[in-house]
Amino acid sequence: MAGETCNLSSGGVLFVAPAELPIGESIEYLITLPTGVREGTTIRLRCVGKVVRSQPRHSISHAAAVAATLERYEFLRR
């Protein structure tokens, strides 16, 4: 399932997903960040956490706002 990150902190992430996810479910998610060094270069983080909130968004059809913890992460090399 693909989503779009809305907010990221050291404790978790808020993203928009195509559907709601069950609260308490363990999830793995990838975040791609720009490096700022060269245009088009990115850093990818593989994160693991748990869903703490999931609610439908009325402004976007068939989408949900999902909040998840960030319990551990690793940098992925290309």
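No value in this document is a laboratory result; all are computed from the given coordinates. Values in this document were obtained by computation on a predicted structure and should not be read as measured data. All Cβ positions, glycine included, derive from the backbone under ideal geometry; neighbour counts span all protein chains shown.
From the residues in the range 8-27 that are of a type in the set (G, A, S) and not in a loop (DSSP other than H, G, I, E, B), which one is farthest from the chain's Cα centre (by Cα)? Show your work before the answer.
Taking the range 8-27 first, the residues of a type in the set (G, A, S) are 9-12, 17, 19, 24, 26.
When the remaining residues are screened for being not in a loop (DSSP other than H, G, I, E, B), the result is 12, 17, 26.
Values: G12: 8, A17: 9, S26: 13 Å.
The residue in question is S26.
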Can you tell me which residue within the range 28-48, out of those that are of a type in the set (K, R) and over 14 Å from E71 (Cβ atoms), is farthest from the chain's Cα centre (by Cα)? R38
A19 passes all but one of the listed conditions (1) under 13 Å from G3 (Cα atoms); (2) of a type in the set (G, A, S); (3) surrounded by 16 or more Cβ atoms within 10 Å (Cβ to Cβ); the exception is number (3)
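Rundown of residues vs (1) touching a helix residue (DSSP H, G or I) at 6+ places or on another chain (Cβ under 9 Å); (2) surrounded by fewer than 16 Cβ atoms within 10 Å (Cβ to Cβ); (3) at positive phi, yes/no style:
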residue: S10; (1), (2), (3): no, yes, no
residue: G24; (1), (2), (3): no, yes, yes
residue: V37; (1), (2), (3): no, yes, no
residue: T41; (1), (2), (3): no, yes, no
residue: V51; (1), (2), (3): no, no, no
residue: Q55; (1), (2), (3): no, yes, no
residue: R72; (1), (2), (3): no, yes, no
